[in-house]
1. What ³J(HN,Hα) values, in whole Hz, does the Karplus curve 6.51 cos²θ - 1.76 cosθ + 1.60 give for the range 50-57 when θ = phi - 60°, with x put for Gly and Pro?
2. Which far-off residues, 5 or more places away or on another chain, put their amide H under 5 Å from the one on D11, with H placed in the peptide plane?
3. Please report how many Lys pairs in the chain have alpha carbons closer than 21 angstrom, counting only residues at least 8 apart along the chain or sitting on separate chains.
4. Compute the orientation-averaged projected area for the chain from the convex hull of its Cα atoms and round it to one decimal in nm².
5. Quickly work out the I16-to-H79 label distance, labels modelled 7 Å from Cα along the C-beta direction, and quote it in nm with one decimal.
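Read the figures in this text as sums done on the coordinates, not as results from a lab. Because the structure is a prediction, the values reported are computed rather than measured. Using ideal geometry, Cβ is built from the backbone for each residue, glycine included, and neighbour counts are taken over all protein chains shown.
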Amino acid sequence: MRAIVTVIGKDKSGIIAKVATALADNQVNIEDISQTIAQGNFTMIMICDLSASKLSLKELSVTLMEVGEKAGVSIHVQHEDIFNAMHKI
């Protein structure tokens, strides 16, 4: 299963490292990543493969929300199919 992970917040050092570490610790592979900083605002979108993870999508979402709270950013996780359905034109 693949999921879309979005991270949004004020830019500060270590955001990518904290999120990537949490994913790696839970055997989630980052397949693609895009990040940008615009006027001090950090945004990142990752496509992740959860097939090797023991966590459910909901458990991963809770784990990453906790990481986000500690890092001062907002992290959301969506199943890839839901993300794609919401963003079709």
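1. 9, 4, 8, 7, 8, 7, 6, 4
2. The list, which skips near neighbours in sequence, is N41, F42.
3. Lysine pairs, 8 or more places apart or on different chains, close enough: 7.
4. If you wrap the Cα atoms of the chain in a convex hull and average its projections, you get 5.7 nm².
5. About 3.1 nm separates the two model spin labels.
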